[in-house]
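As structure tokens, the structure follows; a few thoughts come after it.
Read-outs throughout are calculated quantities, based only on the coordinates presented, and are distinct from any laboratory measurement. Here the structure is a predicted model, which means the values were calculated and not measured. Positions of Cβ are generated from backbone atoms using ideal geometry, with glycine treated the same way; all protein chains shown enter the neighbour counts.
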Amino acid sequence: MSSMTAAPFFIDITGDVCPLTFVKTKLLLEKMPTGAIATVRLKGAQPLDNVPRSVTAHGHEIISLAREDKDPQPDPRVPHVLVVRRC
């Protein structure tokens, strides 16, 4: 995870609940230049559903969403990493 925290646009919302998860993500995206990449660390069923859906609804591109531990089985209890391009 140290490489994620070194990313210029990174936010860890694993301790937050909806709707604060998307609010914090949206504020990060608004600070970024167009085309920049953000890494969002999140967990929980609602954030895993709501944040990517809301990011897309606001016109940004989801590059990837995967479990942090690389296990292919979905599990909302495990932190995930969402990578987003600001459009």
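Restricting to the range 50-68, and then to whatever is touching a Leu at 6+ places or on another chain (Cβ under 9 Å) and over 15 Å from residue 13 (Cβ atoms), can you tell me which residue is surrounded by the fewest Cβ atoms within 10 Å (Cβ to Cβ)?
It comes out as 64.
Mind checking which pairs have a first residue in the range 38-66 that is under 14 Å from residue 83 (Cα atoms) and a second that is small (Gly, Ala, Ser), Cβ under 6 Å, 6 or more apart or different chains?
Sorted first by the residue in the range 38-66, then by its partner, the pairs are 39/7.
Restricting to the range 20-49, what's the tally of residues that are of a type in the set (Val, Ile, Thr) and buried (at least 17 other Cβ atoms within 10 Å of the Cβ)?
Counting residues in the range 20-49 that are of a type in the set (Val, Ile, Thr) and buried (at least 17 other Cβ atoms within 10 Å of the Cβ) gives 4.
(1) surrounded by 15 or more Cβ atoms within 10 Å (Cβ to Cβ); (2) polar (S, T, N, Q); (3) more than 10 Å from the chain's Cα centre (by Cα): which one isn't true of residue 73, the others all being true?
(1)
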